[in-house]
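Single-structure report; data block below.
The values are calculated or read from the model by the stated rules, or taken from the named source; none is laboratory data. Source: prediction; values computed, not measured. All Cβ positions, glycine included, derive from the backbone under ideal geometry; neighbour counts span all protein chains shown. We work out accessible area using only protein heavy atoms, side chains counted, and drop any ligands, DNA or RNA first. Shrake-Rupley method; radii C 1.70, N 1.55, O 1.52, S 1.80 Å.
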Amino acid sequence: ADTLEKLVMYYPKKEYWNNLLYSVRKLKLTDRQTLQVYRLMIATQTMQQASDYAEMAELAISGGNPGEAQKVLEAGNAANVFTEQRDKDRTARMLASLKDSTAKDLASLPKIEAEAKTAKTGDVDVAVGNAYLSYGQNDKAIAALNQGITKGGLKNLADAQMTLGIAQVRVGDKASALKSFKAVKTEDPATTRIAKLWSLFVQ
């Protein structure tokens, strides 16, 4: 693992990233951790298998991010990864359903954002930030995530900091992203490792 990390640091080839991320996915990860790894696979352009696209979409849906699920499936279609007819049919059904749910989800965000202002903890702000991230509205995601982290009382501070770093990566703010990933402090070795890999990607 250390050798692979050095390789992606100095020679960031897809092959090295693919091997490194595969080793991480062999760990016992939560659904949320798996989604963060998939996001890194998208960033490193190492998503290749139809099963990966399908699982990422399912994790995004279960995590309350239908917009991200729709983008992932559309990317899978564009990359022609769904070659089996049953996979094509399933993806088509999911996309048809997601187009309706994403419209409703987007329409509800301003109301939830207003509710977050009076919430005692920052969890609602973080949820709003995650939603904005899934729709590619990264500036709004950063603002909401920062607000939630500042407010405190979060159920999963480490994940919120990692998600903030991902949003900052997507707007090109590498310096802030590195700070966010390095701020991830947890006793969970898997989360620590995923945050480290995101830091390597930024560097």
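Okay, here's what the table says:
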item	result
The range 107-203 - accessible surface per residue (Å², probe 1.4 Å)	49
Simple label model, 7 Å out from Cα along Cβ direction - GLN48 to TYR11, nm	1.7
Loop trypsin sites (Lys or Arg not before Pro), the range 107-181, which have at most 10 other Cβ atoms in a 10 Å radius of their Cβ (DSSP)	LYS117, LYS120, LYS155
Rounded percent of accessible protein surface that carbon and sulfur make up, the chain, 1.4 Å probe	52
In order through the range 68-84: 3J(HN,Hα) via Karplus (6.51 cos²θ - 1.76 cosθ + 1.60), integer Hz, x for Gly, Pro	5, 4, 4, 4, 5, 5, 5, 5, x, 4, 5, 8, 6, 7, 8, 9, 6
Residue-normalised accessible area of the range 5-70, expressed per residue, 1.4 Å probe, Å²	50
In Hz, Karplus ³J(HN,Hα) per residue of the range 194-201 (6.51, -1.76, 1.60; θ = phi - 60°; x = Gly, Pro)	5, 4, 5, 5, 4, 4, 4, 4
FRET efficiency, 1/(1 + (r/R0)^6) with R0 35 Å, evaluated for TYR22 and ALA114 via beta carbons	0.25
In order through the range 104-121: 3J(HN,Hα) via Karplus (6.51 cos²θ - 1.76 cosθ + 1.60), integer Hz, x for Gly, Pro	5, 5, 4, 5, 7, 4, x, 5, 5, 4, 5, 5, 4, 5, 9, 5, 6, 10
Structure-based [θ]222 nm, the chain - -39500 (n - 2.57) summed over DSSP H runs of at least 4, per residue, nearest 500	-24500 deg cm²/dmol
Cα shape, the range 148-203, gyration tensor, a/c 1.5 rule	oblate
Distance (nanometres) between label positions extended 7 Å along Cα→Cβ at ARG90 and VAL171	3.7
